[in-house]
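Below: the structure, in structure tokens.
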Amino acid sequence: MSNQIKKVGVIGAGTMGAGIAGQVSNAGVEVWLLDLPSDGENVNKLSNKGLERLKDPDMPGLMSEEAEKLINLGNTRDHFHELEDCDWVAEAVVERLDIKQALYRRLNDTCKESTIITSNTSTIPIKLLTEGMSSAFCERFAITHFFNPVRFMRLLELVRGELTRDDVIATLYQFSEISLGKGVVSCSDTPGFLANRVGVFAIQCALHNAFDLKLSPTEADAFFGRPLGLPKTGVFGLYDLIGIDLMADVVKSLVSILPENDAFHKYSSPIGFMTNMITNGQTGNKNDKGFYKQDGDERKVINLSNGDYVTHERLKTPLLDLAEKNGISVILSDNSPYGLYIWRVLSETLCYAASLVPEVTEDLTQIDDAMKLGYNWVKGPFELLDEIGIEYFVDRLKSDGRDVPSFLLKSHSNKFYSGSESGLSFLGIDGSVKPIVRSSGVLRFSEVRQTLKAINSNESASWYEYEGAAVIEFHSKANALDAGSLDMLSDALSESEKMGLRGVVIHNDFQHFSCGVSLWSVRNCFEKNDYDSLDAFLVYFQDTMLKMRSTKLPVIAAPVGMSIGGGFEVVLHADHVVSHANSVMGLVESFVGVVPAGGGCKETLYRWAENLGDIHKASWKSFMNIGLGRRANSPKEADNLSMRKTDDIFHMNRDYILNIALSSLDKTKKTKARKPLALSGTDHFQEMLQWLKVNHDKGMLTPHDVTVGTEIARIVSGGDCPTGTVFTEQDILDAERSSFITLAQTAETQARIVAMLDNGITLRN
């Protein structure tokens with residue numbers, strides 16, 4: 001059914017409307033983006049502004065130049081007729097009922113009878129939106145509530161009205177899931193739907209309790225973040241990201257639509273300190289100052305007692321380290337203000353989520369999916385309850401003298417989810433166990449894993465047998481690679497051959513595939529002055545990458561999110577790559593003062609040489625790619641940087657790529673051994689050094705940028721050797737490793753690594 005939508009119209013070129021249009025064009029579908037006409041020469045000024053927003057390099061809404069060409073810009077006066085033959089028109093205008101209804105009447109008179117019409121509203125019920133419209137219009141009308149930024153946020157809340165036809169919902173569902181890459185959650189037409197209702201409650205609860213317990217933003221965000229499986233922004237950082245003033249408006253809108261007895265109202269009142277911040281223009285990242293602000297190379301955080309900004313340093317407490325190793329229960333059992341803070345926030349939020357069953361939804365998986373897909377939680381509320389332990393949770397609520405939501409008392413096994421060989425099941429409202437049913441082709445390893453037992457596992461990675469294949473999952477912090485990660489990868493490669501498996505798939509269902517080699521491991525070596533251990537690790541890394549190619553079985557990498565640095569070196573050495581359309585790839589080691597040393601320089605050089613057929617051009621391209629730490633924000637961008645092979649593929653929906661990877665194993669051919677390369681040599685090396693000097697003199701490069709760039713130039717050109725000197729694959733790997741060790745011994749590289757680990761900043765020295 002998804003191919004029924006071949007032309008789309010979007011009305012409203014603000015943040016959401018432009019984002020919807022951008023994602024439609026990313027899917028390869030023609031779209032018209034309309035907004036009100038403007039005075040002056042540029043009558044399409046507003047729609048033009050929407051397109052420019054999509055081209056923001058910090059948050060690119062478009063995956064390629066080809067996608068941009070599919071967007072037609074116009075205005076609602078001169079181009080409304082272009083909507084006549086659209087298969088779907090999405091309305092994303094201001095949240096005013098009178099304006100929306102007037103627009104619907106006009107659409108009803110203009111569009112063909114089969115055109116599906118939807119609204120992006122999250123506050124106005126369908127009954128009000130379609131009031132006074134014909135039943136024929138109501139039958140083809142629904143709400144498609146996207147999340148910002150549309151390209152990157154996975155959730156789409158799909159809401160039907162009483163008269164919406166089944167085929168309309170089916171078409172929207174399939175197009176959104178397959179072509180737009182969304183995780184679609186079907187919602188009832190209730191206030192706030194699911195994600196915002198629970199998500200904004202959690203944010204407000206965390207915010208008010210932080211002020212109440214007099215925690216600093218640094219303290220609150222350290223705990224209400226990664227330790228709970230939530231985004232690292234925490235609550236104050238998230239307010240800055242969204243906009244403090246915008247969040248205030250979101251809260252007001254929910255106050256206006258939620259029932260008077262809703263628990264949300266407990267945390268909806270404005271906080272005077274933040275009201276003053278809005279008055280002073282301290283509204284977050286868009287104004288470069290909110291709860292946090294960047295002052296040159298220094299990040300600062302606001303003091304909630306006096307409003308002054310002070311130097312921000314990451315919170316260091318043993319409790320965080322313990323929680324990272326042992327889970328949430330460590331925090332909840334702690335008697336410090338941090339433990340009390342997290343208990344308050346989690347208990348209130350999880351009780352609120354449970355209170356929505358069955359009134360808002362009868363399916364708890366819908367709530368969990370909404371929070372994972374719309375707010376980037378690793379686990380949804382009911383998955384968190386399973387981790388905490390329902391019995392513990394209920395007993396503690398009772399000991400606090402608090403009411404227990406009735407749904408929390410229904411679990412017979414003290415678990416909301418249970419896994420077996422037949423799949424993963426969840427608890428229904430009647431107390432029965434029901435199977436989780438996904439669309440054909442959807443396969444989430446986070447769910448599959450719960451039905452399997454690992455063949456081998458350690459703190460950094462695990463591997464499993466599934467459908468006759470070895471599936472390797474990294475699961476360290478940020479999926480950073482260390483010796484443990486390589487142990488599991490190497491073991492899976494060896495044992496899968498012995499077991500006669502079909503092949504190997506490297507994949508995980510976390511936010512990112514891998515953010516590179518663990519800098520903590522590197523730091524530990526240089527602080528102990530133990531460069532022999534560092535060199536031994538790099539040898540092991542390189543040998544494991546070569547083992548991926550030498551094994552007889554096909555090896556497929558299926559990356560999602562970021563695969564950068566060492567994580568991308570793993571991808572580069574796979575026989576075949578099946579990636580998500582939003583995969584970010586690149587070798588970014590230069591930013592922390594080192595070079596790719598797991599074969600990244602080598603693979604980049606070989607790929608450019610194969611694509612260009614000219615070693616001088618290939619060396620220069622490699623020098624620029626690696627030296628500037630260039631990243632591709634989509635597979636299509638990666639093609640322009642020689643980061644993908646011609647037979648590598650991608651899919652718009654990340655939930656499909658594991659299934660595609662598994663089905664591709666039998667068709668994947670092994671990569672051939674690399675032949676020696678005749679490198680460009682000393683003259684080209686000197687040319688690169690001159691480029692570094694010129695750009696340093698211009699102020700474009702720092703002194704240590706030049707030092708790092710020199711090592712990269714040495715690797716890709718061969719350094720001080722005659723032009724045409726032949727280097728084997730191992731020779732280039734040895735050069736990578738030598739340069740890494742040389743740089744790791746410099747004070748400047750060590751300072752960059754410490755700054756990144758301790759304060760999360762890229763030091764320019």
### Query
When both residues are 6+ apart or on different chains and their Cβ atoms are under 6 Å apart, which pairs have a first residue that lies in the range 47-66 and is under 19 Å from residue 640 (Cβ atoms) and in contact (Cβ under 8 Å) with a residue 40 or more places away in the chain, and a second that is of a type in the set (A, V, I, L, M) and buried (at least 16 other Cβ atoms within 10 Å of the Cβ)?
61/54; 62/54
### Query
Within the bounds of the range 95-109, is there any residue that is outside any loop (DSSP other than H, G, I, E, B), more than 30 Å from residue 584 (Cβ to Cβ), modelled with pLDDT of 95 or more and of a type in the set (Gly, Ala, Ser)?
yes
### Residue ID - farthest from residue 156 (Cα to Cα), chosen from residues in the range 37-46 that are buried (at least 16 other Cβ atoms within 10 Å of the Cβ) and touching a residue at least 12 places away in the same chain (Cβ under 8 Å)
43
### Message
If residue 681 satisfies all but one of (1) surrounded by 20 or more Cβ atoms within 10 Å (Cβ to Cβ); (2) in the same structural domain as residue 574 (by TED's automatic domain parsing), what's the number of the condition it fails?
### Response
(2)
### Task
Taking only the range 170-186 into account, find how many residues are farther than 14 Å from residue 27 by Cβ and under 23 Å from the mean Cα position of the chain (by Cα).
5
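How many residues does the range 542-574 hold that are farther than 27 Å from residue 637 by Cα and within 31 Å of the chain's Cα centre (by Cα)?
As a first pass, look at the range 542-574 and keep what is farther than 27 Å from residue 637 by Cα: 543-544, 547, 550-553.
If we keep only those that are within 31 Å of the chain's Cα centre (by Cα) too, we end up with 543-544, 547, 553.
The total comes to 4.
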### Message
With the requirement that a residue be of a type outside the set (Gly, Ala, Ser) and either farther than 17 Å from residue 638 by Cα or out of contact with any helix residue (DSSP H, G or I) (no Cβ under 9 Å at 6 or more places or on another chain) (or both), what does the range 590-601 give you?
### Response
591, 592, 594, 595, 596
### Task
State all residues of the range 167-217 that are in contact with a Pro (Cβ under 9 Å, 6 or more places away or on another chain) and within 30 Å of residue 6 (Cβ to Cβ); if no residue qualifies, say none.
189
### Query
Considering the range 511-522 alone, what residues qualify as being of a type in the set (A, V, I, L, M, F, W, C) and crowded, with 19+ Cβ neighbours inside 10 Å?
513, 515, 517, 519, 522
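Looking only at the range 344-369, which residues are in a helix (DSSP H, G or I) and out of contact with any helix residue (DSSP H, G or I) (no Cβ under 6 Å at 6 or more places or on another chain)? Give the steps one after another, and end with the answer.
Filtering the range 344-369 for residues in a helix (DSSP H, G or I) gives 344-355, 364-369.
Listed by number, the residues that qualify are 346, 347, 351, 355, 365, 366, 369.
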### Task
Scan the range 301-315 and give yes if some residue there is of a type outside the set (Val, Ile, Thr), closer than 30 Å to residue 428 by Cβ and in a loop (DSSP other than H, G, I, E, B), otherwise no.
no
### Message
Could you check the range 252-273 and list, in sequence order, the residues that are under 15 Å from residue 205 (Cβ atoms) and either surrounded by 12 or more Cβ atoms within 10 Å (Cβ to Cβ) or not assigned by TED's automatic domain parsing to the domain that holds residue 352 (or both)?
### Response
254, 255, 258, 262, 263, 264, 265, 266, 267, 268, 271
### Query
Which condition number in (1) outside the structural domain of residue 549 (by TED's automatic domain parsing); (2) part of a helix (DSSP H, G or I); (3) in contact (Cβ under 8 Å) with a residue 60 or more places away in the chain; (4) of a type outside the set (A, V, I, L, M) is the one that residue 687 fails?
(3)
## Note on the structure
Taking the range 484-509 and keeping only residues that are surrounded by fewer than 23 Cβ atoms within 10 Å (Cβ to Cβ) and closer than 17 Å to residue 325 by Cα, one is left with 484
### Message
Residue pairs, Cβ under 6 Å, 6 or more apart or interchain, first in the range 209-225 and touching a residue at least 60 places away in the same chain (Cβ under 8 Å), second outside any loop (DSSP other than H, G, I, E, B) and surrounded by fewer than 19 Cβ atoms within 10 Å (Cβ to Cβ). List them.
### Response
209/344; 213/337
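Limited to the range 690-703, what total is found for residues that are in a helix (DSSP H, G or I) and either in the same structural domain as residue 547 (by TED's automatic domain parsing) or surrounded by fewer than 16 Cβ atoms within 10 Å (Cβ to Cβ) (or both)? Lay out the reasoning, then the answer.
If we filter the range 690-703 for residues that are in a helix (DSSP H, G or I), which is where we start, we get 690-697, 703.
Going one step further and asking which of them are either in the same structural domain as residue 547 (by TED's automatic domain parsing) or surrounded by fewer than 16 Cβ atoms within 10 Å (Cβ to Cβ) (or both), we end up with 690, 693-697, 703.
Count: 7.
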### Task
Kindly establish whether residue 335 is modelled with pLDDT of 90 or more, surrounded by fewer than 17 Cβ atoms within 10 Å (Cβ to Cβ), among the polar types (S, T, N, Q) and in contact with a Ser or Thr (Cβ under 8 Å, 6 or more places away or on another chain).
no
### Task
Take the range 25-61 and flag every residue that is modelled with pLDDT of 95 or more and of a type in the set (Ser, Thr, Tyr).
25, 47
## Note on the structure
Of the residues in the range 18-52, those that are part of a helix (DSSP H, G or I) and under 21 Å from the mean Cα position of the chain (by Cα) come to 18, 19, 20, 21, 22, 23, 24, 25, 26
### Summary
Note: among 347, 355, 329, just one is modelled with pLDDT of 95 or more and closer than 30 Å to residue 409 by Cβ, namely 347
### Task
Test residue 272 against the criterion of being free of Cβ contacts under 8 Å to residues at least 24 places away in the same chain, more than 30 Å from residue 354 (Cβ to Cβ) and touching a helix residue (DSSP H, G or I) at 6+ places or on another chain (Cβ under 7 Å), and give yes or no.
no
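To keep it simple, each residue is scored yes or no on (1) among the basic types (Lys, Arg); (2) in the same structural domain as residue 537 (by TED's automatic domain parsing); (3) in contact with a strand residue (DSSP E or B) (Cβ under 8 Å, 6 or more places away or on another chain); (4) part of a loop (DSSP other than H, G, I, E, B).
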| residue | (1), (2), (3), (4) |
| --- | --- |
| 426 | no, no, yes, no |
| 437 | no, no, no, yes |
| 450 | no, yes, yes, no |
| 462 | no, yes, yes, no |
| 465 | no, yes, yes, no |
| 473 | no, yes, yes, no |
| 484 | no, yes, yes, no |
### Query
Of all residues in the range 731-765, which are among the β-branched types (Val, Ile, Thr) and not in a helix (DSSP H, G or I)?
746, 761, 762
### Verdict on residue 577 being out of contact with any Pro (no Cβ under 6 Å at 6 or more places or on another chain), within 17 Å of residue 632 (Cα to Cα) and modelled with pLDDT of 95 or more
yes
### Summary
Picking from 629, 600, 593, the residue that is small (Gly, Ala, Ser) and touching a His at 6+ places or on another chain (Cβ under 8 Å) would be 593
## Note on the structure
Reported set for the range 406-422 where residues are loosely packed, with under 15 Cβ neighbours inside 10 Å and assigned to a strand (DSSP E or B) is 420
### Query
Is it true that some residue in the range 301-324 is more than 23 Å from residue 201 (Cα to Cα), small (Gly, Ala, Ser), assigned by TED's automatic domain parsing to the domain that holds residue 383 and surrounded by 19 or more Cβ atoms within 10 Å (Cβ to Cβ)?
yes
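The values are calculated or read from the model by the stated rules, or taken from the named source; none is laboratory data. Small disclaimer: the values here were computed from a predicted structure and weren't measured. All Cβ positions, glycine included, derive from the backbone under ideal geometry; neighbour counts span all protein chains shown.
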